[in-house]
Each structure stands twice: as C-alpha cells, then as structure tokens.
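All remarks here apply to the structure that follows.
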Amino acid sequence: MPELPEVEGVVRALQPVVTGKVIRHVQVSNTICTSINEGKACIIKGMDPEMFSDALENMKIKEIKRRSKYIFFYLNKNNIDYVLVNHLGMTGAWFHVHSLNEITESKFQKHIHIVLTFEEDEFLVYADIRRFGEMRLLHSIEEFPPLLEIAPEPFSEEALTHFLAISNMPKYANKPVKEVIMDGHVIAGCGNIYATESLFRMKIHPSRKISRISEKRKTELFRTIVAILQESINVGGSSISDYRNINGEAGGMQNRLQMYGKKACPICHTNTKQMVISGRNSVYCPKCQR
Ligand SMILES: [Zn+2]
C-alpha cells in the first residue's frame, strides 16, 4: 500500500506535468459504472460516474498537493473552486502518457479506470488493480470530515507536540505502540512499512503498550519515523508490490528496509517473528525488540 513517501513521490511527479492543464474529457471504466449501478461502491465516491465525468470536464488543474496519504487536485471551472481528493488505496497509480499503450505493465493496463484527456495526445490515467482507491469531488475538504481529523503533517513543527499529547490520552494507553503510530489521528501517513522499520531501529517491540514507553523514547521514536519517511521520499519511495510513480518506475526504499518483509534480523540473525496488530501483519526481531 502506498504510504506517505510514495504519495509524495506521485505528487512531485504530477505537479510539473499537469498543473495548469484543462481536463477536456473524462472516461470512466465500465467496471466502475456497472459496480455503482449495482449499488457497490467503486473508486468514485459520493457521486454517480456520469455526474463525476460531466463535472470534471473543462476543469483547470490549479494545484496538486499531498496531505497525509491523500492527493488533492485543486480545480476551478467558471470561477468556482473544487477539490478532487484521491486516495490510492492498495494499488492505485497515476500515469501521464501520450498514448494509453505507453502503460506497458499489463496488470495496470488491464485495470485502467479513469482517463482524463488534456489534449488529443495527452492523458492522465488512473489505474487500480484491486480498486480500493477513492476519488471524491468536493467544493472544499470540509465536506469530507475525516480529512479534518488527520494529524498534522509529520514534517510540521506541531506534529511532535500533537503526537505526544494524543498518545498520552487514556484511550490509547493500553494499545500496542505499533497500532498507535499507524493511527492517522496520531501521526499522518505512517503505515505498516514505516512503522515496522522505525520500531526495529528503536528496538521497541511492536506490541509494547504505548503507556509503557517514556516521553523521551516516544520523542526519539517520532523523530525516527520522520527521518525514515524523509529518507524514503529522497529515494523515491518503496516499491513493495504495486507502487509505481507516474512514469511507471519503481522507487529505491525497498532496498534499504531492514525489517519489513525480512525472514532474519540483519543485526543478530535471529529468525524474525510475525504477529497481527490492528489487522496488519507485523514483523519484528524477538531478540532486538523489547
Ligand atoms: Zn535482532
């Protein structure tokens, strides 16, 4: 699943190529249309696909930003502002191409769901293999309250203060540290990969209760998470499973991961163990992490 660094990579790649462009035409896949007609939610949320296409046509992309793991496309049509909020889910990917044939990996080619046409030979394509991604066209983010409840950006000044304050709340006291740091209300954008890595680097067992970690260690843990997120952004994110940047390229962070997906600890060579925490598989070293 793309986490904050991967989404940041997508946004940085999109910014120079689509900012200022006007969406001339929108094509939505039959899969989306059929699913929604049958009452099943599929990618486009809160709007029927035809309305979504009509609304987006002739909108100008003013700006693209990342917030946590969301991509915000700030749009304007007839002097009215809109925001298209996109979450990539497990396998969402954007491709900026001059022909759909440029998407050479068949697993993405087979799962093209939204095609935005700028010019006759310029397209922005959304492909999503497992279809857990989401698109919401809003007037402002206030229309979708969960966006307002996300913790501050981890790189912002208030993020550490927020993390310490929220993680001290009684409702978190008995929760495993890994569950707490993966909670978007506590830290924005830290998913399974980066939570696993930061706990390993800090030698903290993923199931340790957050209330049993000192303020000093929590501060160090937070700084470690931020450093790993930044390191991953710098090398283009992790290409675990199906993440691609908009040119179909993989990132380089997966080569730097020390614990996520590992069978043995790189430090003590003990076999790693796994446990499920808040529904996600957690890998850890039973010797190094306490
Ligand atoms: Zn170890």
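Computed quantities for the displayed model
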item: Residue-by-residue Karplus 3J(HN,Hα) for region 165-176, coefficients 6.51, -1.76, 1.60, Hz, glycine and proline x; result: 5, 5, 6, 8, 5, x, 5, 9, 3, 9, 8, x
item: Most fluctuating residue given options Ala13, Ala188, Ala127, as computed from a GNM of the chain linking Cα atoms under 10 Å; result: Ala13
item: Vicinal HN-Hα couplings computed from phi for region 35-43 (Karplus, 6.51 cos²θ - 1.76 cosθ + 1.60; Hz; Gly/Pro x); result: 4, 5, 4, 8, x, 9, 5, 8, 6
item: Inverse of mean 1/r across different Cα pairs in the chain, Kirkwood, Å; result: 20.1 Å
item: In region 37-91, lysine pairs with alpha-carbon atoms under 25 angstrom apart (chain gap of 8 or more, or interchain); result: 10
item: For the chain, size of Cβ-based charge dipole, Lys and Arg +1, Asp and Glu -1, in debye; result: 1960 debye
item: Interchain or long-range residues, amide H under 5 Å from Ser282's placed H; result: Met275, Val276, Ile277
item: Estimated FRET transfer efficiency (Phe144, His269; beta-carbon r; R0 45 Å; 0.05); result: 0.45
item: Most mobile of Gly251, Gly133, Gly46 in a GNM of the chain (Cα contacts under 10 Å); result: Gly46
item: Full-extension gain in nm, Asp81 to Arg208, via 0.36 nm per residue minus C-alpha separation; result: 41.1 nm
item: Centroid-to-centroid separation of region 169-187 and region 12-58 [C-alpha atoms, Å]; result: 34 Å
item: Rounded FRET efficiency, nearest 0.05, which uses the C-beta distance separating Glu120 from Asn168 and R0 of 45 Å; result: 0.20
item: Pairwise Cα inverse-distance average, inverted: Kirkwood Rh of region 19-134 (Å); result: 14.5 Å
item: Sequence of Glu231, Glu122 from largest to smallest accessible area, 1.4 Å probe; result: Glu231, Glu122
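The values are calculated or read from the model by the stated rules, or taken from the named source; none is laboratory data. As the structure is a computational prediction, the values presented were derived from the model and not from experiment. So basically every Cβ, Gly included, is an ideal-geometry build from the backbone, and we count neighbours across all protein chains shown. Each accessible area value is taken on the protein alone, full model and side chains, heavy atoms only, with ligands, DNA and RNA left out. Shrake-Rupley method; radii C 1.70, N 1.55, O 1.52, S 1.80 Å.
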